[in-house]
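Student: Take a look at the following structure, please.
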Amino acid sequence: MRVLVTGASGLVGGRLVPALAADGHAVVRLGRSAARGADVVWEPAAGRLPRAPLEGLDAVVHLAGESIAARRWSAQRRRALVASRVQPTMLLATTLATLERPPRVLVSASAVGIYGDRGDSALDERAAPGSGFLAELARAWEAAIEPAAASGIRVVRLRLGLVLAADGGLLARLLPLFRLGLGGSLGSGRQWMSWIAEADLIAAIRHAIARPDLSGAVNAVAPGAVTNRDFARALGAVLGRPAWLPAPAAVLRAVFGAMAREALLAGQRVIPERLLATGFEFRFPELTPALRHVLGRPA
């Protein structure tokens with residue numbers, strides 16, 4: 001197939017592109033700079049997206065968006081996070097919807113943050129959106145893809161959990177502390193963490209492209225969600241280091257502000273019901289084997 005990927009240089013896209021190429025697909029990378037490897041250049045803020053290279057695509061995977069946890073959420077930062085997701089998604093969706101030869105499927109990233117902080121409740125794709133900035137951001141992000149769905153393109157809204165990768169994301173930020181024996185739970189440690197190994201996420205995206213019966217919201221998380229306390233213990237055990245030093249909630253709130261409350265101290269216990277129902281098989285359904293694989297530490 002001919003597959004277009006946005007965010008191809010990011011944590012997920014950087015792994016997806018070679019995986020699709022290894023499957024024999026022709027990958028077209030849509031980005032903001034040819035110098036950074038983009039085959040097609042767009043300017044979402046200016047509303048510029050070339051139409052001709054998009055004609056006749058078989059599939060599109062939309063992963064572009066600024067990092068949620070890169071810095072404290074000032075008012076300016078919140079606006080930037082919204083703009084990096086909603087405007088590009090709307091531009092892409094409306095352009096695809098009006099092509100003469102549109103793609104059959106559009107897999108668009110979203111996040112489990114759409115569910116808000118729901119305590120111990122188990123959340124499948126039928127769960128209603130929650131409240132808070134992350135939930136509102138994800139709702140606007142998903143709404144922006146509607147023009148493509150309304151035009152008849154099969155749209156998969158892939159709600160990502162914490163992606164386990166040694167060289168990026170939250171895990172990479174935690175590793176230095178844990179390797180020094182200074183790791184531990186965040187706040188009470190009772191908040192749920194819904195995660196997915198990088199290899200399973202890439203496989204889930206390929207699954208979403210290939211399954212014509214899969215559309216709408218799809219939770220891209222492993223079935224083995226854990227509490228933050230158990231995550232810290234598992235990471236410490238895999239590294240062979242103690243994980244006894246919790247980060248007090250008050251300190252996290254003082255340092256990170258609202259981001260701490262929603263991204264660090266809140267959580268969701270998410271179930272990948274639709275992936276499982278369509279025959280997807282997780283290579284790493286449990287946390288400890290996933291961490292061992294990602295960190296290159298066999299049992």
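Student: Confirm whether residue 67 is modelled with pLDDT under 95, farther than 24 Å from residue 204 by Cβ and of a type in the set (S, T, N, Q). Break it down stepwise before answering.
Tutor: Details: modelled with pLDDT under 95: yes; farther than 24 Å from residue 204 by Cβ: no; of a type in the set (S, T, N, Q): yes.
When the stated conditions are applied, residue 67 does not pass them.
Student: Still on this structure: Would you point out the residue of region 113-129, among those that are within 23 Å of residue 82 (Cα to Cα) and in contact (Cβ under 8 Å) with a residue 40 or more places away in the chain, that is nearest to the chain's Cα centre (by Cα)?
Tutor: 113
Student: Inside region 33-58, can you point out the residues that are of a type in the set (A, V, I, L, M), in a loop (DSSP other than H, G, I, E, B) and under 16 Å from residue 3 (Cα atoms)? Before the answer, list the steps.
Tutor: Filtering region 33-58 down to residues of a type in the set (A, V, I, L, M) leaves 34-35, 38, 40-41, 45-46, 49, 52, 54, 57.
Cutting the leftovers down to in a loop (DSSP other than H, G, I, E, B) gives us 38, 49, 57.
Across region 33-58, the qualifying residues are 38, 57.
Student: I'd like the full set of residues that are touching a residue at least 12 places away in the same chain (Cβ under 8 Å) and in a helix (DSSP H, G or I), limited to region 267-284.
Tutor: 273, 274, 275, 276
Student: OK, next. Output the residues belonging to region 231-263 that are closer than 13 Å to residue 183 by Cα, over 26 Å from the mean Cα position of the chain (by Cα) and free of Cβ contacts under 8 Å to residues at least 24 places away in the same chain.
Tutor: Listed by number, the list holds a single entry, 240.
Student: Conditions: (1) modelled with pLDDT of 95 or more; (2) under 21 Å from residue 130 (Cβ atoms). Residue 208 meets all but one. Number of the miss?
Tutor: (2)
Student: Next up: Does residue 34 meet the test of being modelled with pLDDT under 95, within 23 Å of residue 90 (Cβ to Cβ) and aliphatic (A, V, I, L, M)?
Tutor: On the way: modelled with pLDDT under 95: yes; within 23 Å of residue 90 (Cβ to Cβ): no; aliphatic (A, V, I, L, M): yes.
In short, no.
Student: What is the one condition in (1) farther than 22 Å from residue 201 by Cα; (2) under 17 Å from the mean Cα position of the chain (by Cα) that residue 110 does not satisfy?
Tutor: For residue 110, the failing item is (1).
Student: Can you pull out the residues in region 7-29 that are assigned to a strand (DSSP E or B) and either touching a Ser or Thr at 6+ places or on another chain (Cβ under 9 Å) or more than 24 Å from residue 44 (Cβ to Cβ) (or both)?
Tutor: First, the residues of region 7-29 that are assigned to a strand (DSSP E or B): 26-29.
Listed by number, the list holds a single entry, 29.
Student: Report the residue count in region 285-299 for those that are in contact (Cβ under 8 Å) with a residue 40 or more places away in the chain and not in a helix (DSSP H, G or I).
Tutor: To start, the set of residues in region 285-299 that are in contact (Cβ under 8 Å) with a residue 40 or more places away in the chain comprises 285-288, 290-297.
From the residues that got through so far, the ones that are not in a helix (DSSP H, G or I) too are 285-286, 296-297.
Going through region 285-299 one residue at a time, the tally reaches 4.
Student: Can you tell me which residue among 72, 85 is of a type in the set (D, E, K, R), crowded, with 19+ Cβ neighbours inside 10 Å and in contact (Cβ under 8 Å) with a residue 24 or more places away in the chain? Before you say what the answer is, go through the steps one by one.
Tutor: Numbers: 72 fails: crowded, with 19+ Cβ neighbours inside 10 Å.
Of 72, 85, the one residue that is of a type in the set (D, E, K, R), crowded, with 19+ Cβ neighbours inside 10 Å and in contact (Cβ under 8 Å) with a residue 24 or more places away in the chain is 85.
Student: Select from region 9-23 the residues that are at pLDDT 95 or above and of a type in the set (A, V, I, L, M) and write down the one among them that is nearest to residue 34 (Cα to Cα).
Tutor: The residue in question is 17.
Student: Next up: So which residues in region 256-265 are assigned to a loop (DSSP other than H, G, I, E, B) and crowded, with 20+ Cβ neighbours inside 10 Å, if there are any at all?
Tutor: If we filter region 256-265 for residues that are assigned to a loop (DSSP other than H, G, I, E, B), which is where we start, we get 257, 265.
Answer for region 256-265, where residues must be assigned to a loop (DSSP other than H, G, I, E, B) and crowded, with 20+ Cβ neighbours inside 10 Å: just 265.
Student: Let me ask something additional. What is the number of the single condition among (1) surrounded by fewer than 19 Cβ atoms within 10 Å (Cβ to Cβ); (2) modelled with pLDDT of 95 or more; (3) on the phi > 0 side of the Ramachandran plot that residue 143 does not meet?
Tutor: Going through the list (1) surrounded by fewer than 19 Cβ atoms within 10 Å (Cβ to Cβ); (2) modelled with pLDDT of 95 or more; (3) on the phi > 0 side of the Ramachandran plot, residue 143 breaks only (3).
Student: Follow-up. Touching a Lys or Arg at 6+ places or on another chain (Cβ under 8 Å), surrounded by fewer than 19 Cβ atoms within 10 Å (Cβ to Cβ) and free of Cβ contacts under 8 Å to residues at least 60 places away in the same chain - does that describe any residue in region 14-26?
Tutor: Step one: filter region 14-26 for residues touching a Lys or Arg at 6+ places or on another chain (Cβ under 8 Å), giving 17, 19-20, 23, 25-26.
Adding the requirement that they be surrounded by fewer than 19 Cβ atoms within 10 Å (Cβ to Cβ) leaves 19, 23, 25-26.
In the following step, the residues that additionally are free of Cβ contacts under 8 Å to residues at least 60 places away in the same chain were identified as 25-26.
Yes: region 14-26 contains one or more residues that are touching a Lys or Arg at 6+ places or on another chain (Cβ under 8 Å), surrounded by fewer than 19 Cβ atoms within 10 Å (Cβ to Cβ) and free of Cβ contacts under 8 Å to residues at least 60 places away in the same chain.
Student: Another question about this same structure. Of everything in region 185-224, what is touching a strand residue (DSSP E or B) at 6+ places or on another chain (Cβ under 6 Å) and among the acidic types (Asp, Glu)? Give them in sequence order.
Tutor: Within region 185-224, 198 is the sole residue that qualifies.
The values are calculated or read from the model by the stated rules, or taken from the named source; none is laboratory data. The structure displayed is predicted, hence computed values, not measured ones. Methodologically, a virtual Cβ is constructed for each residue, glycine included, from the backbone with ideal geometry; neighbour enumeration extends over all protein chains shown.
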